[in-house]
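Asks: Below you will find the structure I want to go over with you.
The values are calculated or read from the model by the stated rules, or taken from the named source; none is laboratory data. Note that the coordinates shown come from a computational prediction; the quantities given were computed from them, not determined experimentally. Counting neighbours? That spans all protein chains shown, and the Cβs are built from the backbone with ideal geometry, glycine included. Heads up: the accessible areas ignore ligands, DNA and RNA and are worked out on the full protein's heavy atoms, side chains in. Shrake-Rupley method; radii C 1.70, N 1.55, O 1.52, S 1.80 Å.
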Amino acid sequence: MGEAAKLLRPMGAEEYLAWEASQEERHELLEGLPYAMAEASEAHNLLVGNLYFLLRPAAQARGCRVFFSDMRLRVSERTFYYPDLMVVCGEDPHPLYKERPCLVVEVLSEGTEATDRREKLWRYREIPSLQGYLLVDSRTRRVEGYFRGAEGWLCRVFEGGEVEVPCLGVGIALEEIYREVLQ
């Protein structure tokens, strides 16, 4: 016999933040419903570390900060994500989450790719401060960049050379992003 049925009741921001603080594993919140986070692979961790190391000096030079996967991004009252990396410039003072990133980075894996490409792309593009969304593949040397332009959002694929980072005004070498990954 299975477990007793539980009523799914959507949570608001404050309830989610209080509940999440008491959990052993992290959960993203989608339209008020919590979803447990997938575990990260070695390649995923190396890529996030490389990106943090590469982006931090440019961010500091512009008075911005780089946050990695333990900082929440509030997309709406009932939706919070844990992006793999985000850059925040200017005032965004809440200590438990950020709302105004200029760049969001997600590292793609087999288990997260569909969500990162569809749901998160759709929701992140609605953030007024966001200038770029990078999808970094953990299985092949490939970065997809979505960039806000005067005419709307543009997509560019990088398989060599430098990857554009619009809000920091720099490019980062694909070779450096994948250092010690996919040798």
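Asks: Would you check which residues across the range 14-54 are more than 22 Å from D84 (Cβ to Cβ) and either open to solvent by less than 30 Å² (accessible area, probe 1.4 Å) or in contact with a Gly (Cβ under 6 Å, 6 or more places away or on another chain) (or both) and list them? Spell out the reasoning first.
Replies: First, pick out the residues of the range 14-54 that are more than 22 Å from D84 (Cβ to Cβ): 14-15, 18-19, 22, 32.
The one that is more than 22 Å from D84 (Cβ to Cβ) and either open to solvent by less than 30 Å² (accessible area, probe 1.4 Å) or in contact with a Gly (Cβ under 6 Å, 6 or more places away or on another chain) (or both): G32.
Asks: Condition first: part of a loop (DSSP other than H, G, I, E, B), under 23 Å from N45 (Cβ atoms), within 14 Å of the chain's Cα centre (by Cα) and among the β-branched types (V, I, T). Now tell me which residues in the range 104-162 satisfy that.
Replies: T112
Asks: With the requirement that a residue be of a type outside the set (A, V, I, L, M), under 20 Å from D137 (Cβ atoms), in contact (Cβ under 8 Å) with a residue 24 or more places away in the chain and touching a strand residue (DSSP E or B) at 6+ places or on another chain (Cβ under 9 Å), what does the range 84-114 give you? Steps first, please.
Replies: Taking the range 84-114 as the starting set, the residues that turn out to be of a type outside the set (A, V, I, L, M) are 84, 89-95, 97-102, 106, 109-113.
Checking the rest, the ones that are also under 20 Å from D137 (Cβ atoms) come to 84, 106, 109-113.
Next cut, in contact (Cβ under 8 Å) with a residue 24 or more places away in the chain only: 84, 106, 109-112.
Hits for the range 84-114 are D84, E106, S109, T112.
Asks: Another question, if that's okay. In the range 163-183, how many residues are within 17 Å of the chain's Cα centre (by Cα), farther than 21 Å from G111 by Cβ and among the β-branched types (V, I, T)? Break it down stepwise before answering.
Replies: Residues of the range 163-183 within 17 Å of the chain's Cα centre (by Cα): 163-168, 177.
Still in the running and farther than 21 Å from G111 by Cβ: 163-168.
Next cut, among the β-branched types (V, I, T) only: 163, 165.
Of the residues in the range 163-183, 2 are within 17 Å of the chain's Cα centre (by Cα), farther than 21 Å from G111 by Cβ and among the β-branched types (V, I, T).
Asks: Taking S69 as the residue in question, decide whether it is open to solvent by less than 40 Å² (accessible area, probe 1.4 Å) and in contact with a His (Cβ under 7 Å, 6 or more places away or on another chain). Walk me through how you get there before you give the answer.
Replies: On the way: open to solvent by less than 40 Å² (accessible area, probe 1.4 Å): yes; in contact with a His (Cβ under 7 Å, 6 or more places away or on another chain): no.
Spelling it out, it is not the case that S69 is open to solvent by less than 40 Å² (accessible area, probe 1.4 Å) and in contact with a His (Cβ under 7 Å, 6 or more places away or on another chain).
Asks: Here is a further query. Tell me, which residue of the range 163-183 that is hydrophobic (A, V, I, L, M, F, W, C) and assigned to a loop (DSSP other than H, G, I, E, B) is most open to solvent (accessible area, probe 1.4 Å)? Don't jump to the end; show me each part of the working.
Replies: If we filter the range 163-183 for residues that are hydrophobic (A, V, I, L, M, F, W, C), which is where we start, we get 163, 165, 167-168, 170, 172-174, 177, 181-182.
If we keep only those that are assigned to a loop (DSSP other than H, G, I, E, B) too, we end up with 181-182.
Working: V181: 4, L182: 68 Å².
Only one residue tops the list, namely L182.
Asks: What pairs come out if I take residues in the range 53-77 that are part of a helix (DSSP H, G or I) and pair them with residues that are among the β-branched types (V, I, T) whose C-beta lies under 6 Å away, six or more apart or interchain?
Replies: L54/I172; L55/V66; R56/V66; A58/V170; A59/V66; A59/V87
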